[in-house]
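Some notes on the structure that comes next.
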């Protein structure tokens, strides 16, 4: 059987969670004999620095730009894929294909986006059950809405010698306790709440000095920097900037915190599970779908810095056996439902179904 050839199109110029998974899925497809992927991104996208071959660039300046629409249409005609998968609003709105001829158009959604931007696609993938339910409530046909989640790869572990250098860079000792958070510095991610919660904690828990590490960049960087500078824990809060590989920081951490106000899935939770560390998250829709409270992690209400501080303290004081149970339960759940092969198998089965026109 010949490989199903897909064009994976995203209009993003900046890196974020969806963009990272876009690159991850594109690269993973290359390991399959039954699937093939050609990635398409804008010419000056930050994704180009890490995007695996094969890929093409095409202008995606605006959904109202006829030249952008024409460029993508011409590229699709040239490549003649079996299927076109668009990611998020810009790419989806720029691609309009006749459902009776040519490639199938499937739109992949990672959030509760405006449905009018997606209705013209032939099928839709939601990466959470809640997103799929949202589409059904918006009148999308049930036989063309499909749930396929994200996956995270096994970490490329850093040696203990390497971790010593990372600790040295931040002035950490092996006796320190590290709380780690990762994401775009955006209002939705609520790092301001996390910093507020951290400042309410004592300087030491169980005789170990607490440090907070935040990896990421974004529009609120200046505001976050100012908040840290004015806090009573400035010396113990470390803003790491964007990290292409956050594995060393996961390895140094005793606890991962996802403080988001809005998180449709929570790739960072999956990444923390892959790195075998306990997770505390707010009760965002994604976290509620992922975490079984007290089994694979802990949950706290959104924008409650006092409650978050109390939960962080409780998580850091978990008995060793309970901590191990959390980590093992979360990792087993990750492997069963969010592993690379199950997700790729789901994409292959869906693509095959769409191409058979059996909907």
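Pick from 91, 36, 28: which is over 18 Å from the mean Cα position of the chain (by Cα) and farther than 28 Å from residue 186 by Cα? Spell out how you get there, then give the answer.
Values: 91 fails: farther than 28 Å from residue 186 by Cα; 28 fails: over 18 Å from the mean Cα position of the chain (by Cα).
After applying the criteria, what remains is 36.
Just need a number here: residues in the range 22-44 that are crowded, with 20+ Cβ neighbours inside 10 Å and within 20 Å of residue 93 (Cα to Cα).
Final tally of qualifying residues: 5.
Here is a check on your reading of the model: is residue 213 assigned to a loop (DSSP other than H, G, I, E, B), closer than 18 Å to residue 280 by Cβ and modelled with pLDDT of 95 or more? Break it down stepwise before answering.
Values: assigned to a loop (DSSP other than H, G, I, E, B): no; closer than 18 Å to residue 280 by Cβ: yes; modelled with pLDDT of 95 or more: yes.
It is false that residue 213 is assigned to a loop (DSSP other than H, G, I, E, B), closer than 18 Å to residue 280 by Cβ and modelled with pLDDT of 95 or more.
What residue, of 206, 232, is loosely packed, with under 15 Cβ neighbours inside 10 Å, in contact (Cβ under 8 Å) with a residue 24 or more places away in the chain and more than 22 Å from residue 163 (Cβ to Cβ)?
Working: 206 fails: more than 22 Å from residue 163 (Cβ to Cβ).
The conditions single out 232.
Residues that are touching a helix residue (DSSP H, G or I) at 6+ places or on another chain (Cβ under 9 Å), assigned by TED's automatic domain parsing to the domain that holds residue 19 and closer than 30 Å to residue 62 by Cβ: which helices (runs of 4 or more DSSP H) entirely in the range 105-204 hold 2 or more of them? Show your work before the answer.
Details: elements: 129-137, 160-170, 191-199.
The helices (runs of 4 or more DSSP H) meeting that bar are 129-137.
Surrounded by 15 or more Cβ atoms within 10 Å (Cβ to Cβ), more than 28 Å from residue 14 (Cβ to Cβ) and over 16 Å from the mean Cα position of the chain (by Cα) - does that describe any residue in the range 162-171?
Yes: one or more hits.
To keep it simple, each residue is scored yes or no on (1) surrounded by fewer than 17 Cβ atoms within 10 Å (Cβ to Cβ); (2) under 23 Å from residue 347 (Cα atoms); (3) modelled with pLDDT under 95.
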residue	(1), (2), (3)
87	no, yes, no
93	no, yes, no
128	no, yes, yes
134	no, yes, no
140	no, yes, no
155	yes, yes, yes
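The values are calculated or read from the model by the stated rules, or taken from the named source; none is laboratory data. As the structure is a prediction and not an experimental result, all values here were calculated from the model. Glycine gets a Cβ as well: all are built from the backbone with ideal geometry, and neighbour counts include every protein chain shown.
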